[in-house]
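Would you mind keeping the following structure in view while I ask a few things?
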Amino acid sequence: MAFEGEVEVNLKALLREDQSVSDILDSANPVAVYIFNDESKEWENIEMEGTIFVHKRFDIMHRPTFGFTIMNQESLDNWSQTLYPGLEFLEYSPFLVTRNTKSMGFGLKFENMVDCRRMGYLLNDLCK
């Protein structure tokens with residue numbers, strides 16, 4: 001996790017993306033996003049790589065929810081995902097792969113195995 005001053009800077013950057021974000025719970029860098037292609041049955045890198053910030057936010061009814069945002073270093077497009085019951089993160093180091101009741105969705109590739117495992121525990125806990 002970042003130092004106090006870094007957390008404030010990162011929170012300000014996240015607030016430009018989503019004004020409902022209230023707290024950063026954890027972060028890791030670098031993380032790349034892969035999408036599973038159902039036709040080719042292969043994982044595809046979508047050129048989305050940067051720092052992942054797991055955050056708390058408030059929905060339109062002011063209820064707390066959780067999610068994460070990857071601040072992309074490749075372009076101005078960032079990746080955000082709301083966490084919800086039924087979403088599961090499976091660890092296949094260095095990847096966390098999502099699974100829901102329908103299918104595999106996306107994978108997060110971590111450079112650091114410790115970050116991968118820590119994020120897996122946290123994301124699964126927040127999806128309960």
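Determine whether Glu74 is in contact with a Gly (Cβ under 9 Å, 6 or more places away or on another chain) and outside any strand (DSSP E or B).
Numbers: in contact with a Gly (Cβ under 9 Å, 6 or more places away or on another chain): yes; outside any strand (DSSP E or B): yes.
So Glu74 passes the test.
Right, here's the next one. Which of the residues belonging to the stretch 97-128 are basic (Lys, Arg) and open to solvent by less than 50 Å² (accessible area, probe 1.4 Å)?
Taking the stretch 97-128 as the starting set, the residues that turn out to be basic (Lys, Arg) are 99, 102, 109, 117-118, 128.
None - no residue of the stretch 97-128 is basic (Lys, Arg) and open to solvent by less than 50 Å² (accessible area, probe 1.4 Å), so the list stays empty.
What single numbered condition from (1) farther than 17 Å from Thr98 by Cα; (2) more than 11 Å from the chain's Cα centre (by Cα); (3) surrounded by 15 or more Cβ atoms within 10 Å (Cβ to Cβ); (4) of a type outside the set (D, E, K, R) fails to hold for Tyr34?
Looking at each condition in turn, Tyr34 falls short on (1).
Okay, moving on. Which residues, taken from the stretch 37-63, are exposed (fewer than 15 other Cβ atoms within 10 Å of the Cβ), under 17 Å from Thr82 (Cα atoms) and touching a residue at least 12 places away in the same chain (Cβ under 8 Å)?
Answer for the stretch 37-63, where residues must be exposed (fewer than 15 other Cβ atoms within 10 Å of the Cβ), under 17 Å from Thr82 (Cα atoms) and touching a residue at least 12 places away in the same chain (Cβ under 8 Å): Phe58, Asp59.
Okay, next question. Condition first: touching a helix residue (DSSP H, G or I) at 6+ places or on another chain (Cβ under 8 Å) and open to solvent by less than 20 Å² (accessible area, probe 1.4 Å). Now tell me which residues in the stretch 64-78 satisfy that.
Within the stretch 64-78, Phe68, Thr69 qualify.
Can you pull out the residues in the stretch 79-96 that are in contact with a helix residue (DSSP H, G or I) (Cβ under 7 Å, 6 or more places away or on another chain) and either open to solvent by less than 30 Å² (accessible area, probe 1.4 Å) or not in a strand (DSSP E or B) (or both)?
Leu83, Phe89, Ser93, Pro94, Leu96
Can you report the number of residues in the stretch 97-128 which are of a type in the set (Ser, Thr, Tyr), under 19 Å from Ile35 (Cβ atoms) and either touching a helix residue (DSSP H, G or I) at 6+ places or on another chain (Cβ under 8 Å) or without any contact (Cβ under 8 Å) to a residue 24 or more places away in the chain (or both)? Quick ask: steps written out before the conclusion?
Narrowing the stretch 97-128 to residues of a type in the set (Ser, Thr, Tyr): 98, 101, 103, 121.
From what's left, under 19 Å from Ile35 (Cβ atoms): 98, 101, 103.
Restricting the remaining residues to those that are either touching a helix residue (DSSP H, G or I) at 6+ places or on another chain (Cβ under 8 Å) or without any contact (Cβ under 8 Å) to a residue 24 or more places away in the chain (or both) gives 98, 101.
Adding up the residues that qualify gives 2.
Testing Phe36 on (1) outside any strand (DSSP E or B); (2) closer than 14 Å to Leu108 by Cβ, one condition comes back false. Which one is that?
It fails just one condition, (1).
Can you tell which of Asn124, Asn112 is over 14 Å from the mean Cα position of the chain (by Cα), at pLDDT 95 or above and polar (S, T, N, Q)? I'd like the intermediate steps shown before the answer.
On the way: Asn124 fails: over 14 Å from the mean Cα position of the chain (by Cα).
Exactly one of Asn124, Asn112 is over 14 Å from the mean Cα position of the chain (by Cα), at pLDDT 95 or above and polar (S, T, N, Q), namely Asn112.
The values are calculated or read from the model by the stated rules, or taken from the named source; none is laboratory data. Note that the coordinates shown come from a computational prediction; the quantities given were computed from them, not determined experimentally. Cβ atoms come from the backbone with ideal geometry, glycine included; neighbour counts cover every protein chain shown. The area values use the complete protein model at the heavy-atom level, side chains included, leaving out ligands, DNA and RNA. Shrake-Rupley method; radii C 1.70, N 1.55, O 1.52, S 1.80 Å.
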